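A short worksheet on the structure shown next.
The values are calculated or read from the model by the stated rules, or taken from the named source; none is laboratory data. Just so it is clear, the structure is predicted and the values come from calculations on it, not from any experiment. Because the Cβ atoms are built from the backbone with ideal geometry, glycine has one as well, and the counts that use them run over all protein chains shown.
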Amino acid sequence: MSARLAAVRCIVEVLARGRMLDEVIPGAVTALSARDRALAQEISYGVLRWYHRFDPVVDHLLHRPMSPADLDVKVLLLAALHEIEHLRTPDHAAVSEAVEGARQLGKPWAAGLINALLRRFLRERANVFAALNSAPEVRYSHPGWLIEALRGDWPDHWEQILARGNEHPPMDIRVNARHCPRDEYAGRLAAAGIPSRLSTLTDCGLRLAGAANVQELPGFDAGAVTVQDLAAQLAAPLLEVKPDQRVLDACAAPGGKASQILEACPAAKLVAVDRGPDRVRLLAQNLKRLRLSATLIDGDAARPEHWWDKRPFDRILLDAPCSATGVIRRHPDIKCRRGQEQLPRLAKIQAALLDALWPLLAPGGRLLYVTCSLLRRENDAQIEKFSASHKDVRVLPITSTWGIATTWGRQSLPSVDDTDGFYHALLERR
Ligand SMILES: C[S@@+](CC[C@H](N)C(=O)[O-])C[C@H]1O[C@@H](n2cnc3c(N)ncnc32)[C@H](O)[C@@H]1O
């Protein structure tokens, strides 16, 4: 199978079945050479990144709408447009590869259509975009509902947030200082030909100059480092965990924040909960690589009566399921998989998790509420509602230099520190 065909299959899984791109890619590219694997990934991520810009272009150039049964043909066209506009594929090669793709899909009837449509695009490119660019979806390559929501929630930032959402994400790592001090590790990276710079946002973060294979990172298998966006590294320090404190990580898999808590304070008693054996297995694997230990529970964090031993926690991290609108540049499939209609259900789950976990906190204890959402209704609005309905809640200020202070918490933004967008609110039980 060619790289393009593998990419088409992955994108169809996302668009037609709502599957996560990260989950479908590995299985689809195993038989490809390293070069083709990289191309398949670039096309898959790129098409979903630019889907809202190019899908209307294809619709505009088609004489009649394409049947849902031919979504694969449409995706071939989207892939060719992405290659023409953003990759270094020569125009004629992008066209002929797409035509060949139709044959490989077993749809030779589509070859002529693809050829004609792409050639027309090449001739009329400027006019096509001039005709379509007034639509916000085309101009910003994000779904309309999200553009509107961001414009409302971030009147001074929304356009920059959208622009950043279409960029390739940087690769950040977290250095386990117990293995090796961060600046020394940066030296080891440089010696391995991987330039990086120290982050000023966290004391364990490094930003690599470009993407690297994790197996090339010195000491990766021995637990020296973890791949983690700088903004995801901001939560653990806010909890200020001390030795012997009982800490609950309620939505813990794959364990990025749980492992950071333990690296900083191995004597903490960490209970890590997630739902489903696959998630808990992933958590266990990551902790094992990092030589860390915690009590792992496969359970529903919203139903602690099934797993809690009635001993209160000094710290609770609630990294709640959310729209993931803050990590779009890393996971562009979110733009196609998430819809406005899912927000009320997500908000209900977040509120239920807060309500269920609060009684597990000791008086004087702290709960950190985190999402990777940029939307107020999942962030400040949740904390406002929760603190208004619980007399024993004190919302603590987060005095940091990163991101932006919101009414109840603090938000990191891709447009401010060039990080993912994470929301944090720190609550103390009176
Ligand atoms: C944003 S991810 C957590 C990331 C993790 N904290 C980290 O830093 O690596 C959210 C997690 O919540 C889990 N989850 C969602 N609903 C849950 C529930 N009711 N109980 C337990 N875990 C849940 C999901 O399986 C997912 O692993």
Worksheet item: Name the residues in the stretch 324-367 that are closer than 16 Å to Pro312 by Cβ and out of contact with any helix residue (DSSP H, G or I) (no Cβ under 9 Å at 6 or more places or on another chain), would you?
Response: Leu361, Ala362, Pro363, Gly364, Gly365
Practice prompt. From Ala3, Ala28, Ala93, Ala40, grab the single residue that is surrounded by fewer than 20 Cβ atoms within 10 Å (Cβ to Cβ) and free of Cβ contacts under 8 Å to residues at least 60 places away in the same chain.
Written response: Ala93
Worksheet item: Tell me, which residue of the stretch 372-420 that is within 16 Å of the ligand (Cβ to nearest atom) and of a type in the set (S, T, N, Q) is farthest from Gln233 (Cα to Cα)?
Response: Gln382
Worksheet item: Is there a residue in the stretch 353-371 that is within 22 Å of Ala253 (Cα to Cα), within 12 Å of the ligand (Cβ to nearest atom) and either among the polar types (S, T, N, Q) or in contact with a Cys (Cβ under 6 Å, 6 or more places away or on another chain) (or both)?
Response: yes
Fill in: The one condition in (1) touching a Ser or Thr at 6+ places or on another chain (Cβ under 9 Å); (2) exposed (fewer than 14 other Cβ atoms within 10 Å of the Cβ); (3) not in a loop (DSSP other than H, G, I, E, B) that Leu189 fails to fulfil
(2)
Discussion item. I'd like to check something: does the stretch 44-57 contain any residue that is basic (Lys, Arg), in a helix (DSSP H, G or I) and under 18 Å from the mean Cα position of the chain (by Cα)?
Written reply: yes
Worksheet entry | Positions within the stretch 230-273 being within 10 Å of the ligand (Cβ to nearest atom) and under 16 Å from Leu360 (Cβ atoms), in sequence order | Asp249, Ala250, Cys251, Ala252, Ala272, Val273
Worksheet item: Exactly one of (1) surrounded by fewer than 20 Cβ atoms within 10 Å (Cβ to Cβ); (2) outside the structural domain of Arg410 (by TED's automatic domain parsing); (3) within 30 Å of Thr399 (Cβ to Cβ); (4) in contact with a Leu (Cβ under 8 Å, 6 or more places away or on another chain) is unmet by Thr200. Its number?
Response: (4)
Practice prompt. Report, by residue number, each residue of the stretch 297-315 that is closer than 18 Å to Lys269 by Cβ and either within 12 Å of the ligand (Cβ to nearest atom) or not assigned by TED's automatic domain parsing to the domain that holds Thr419 (or both).
Written response: Ile297, Gly299, Ala301, Pro304, Trp307
Worksheet item: Being farther than 23 Å from Asp244 by Cα and surrounded by 21 or more Cβ atoms within 10 Å (Cβ to Cβ), is that true of even one residue in the stretch 310-320?
Response: yes
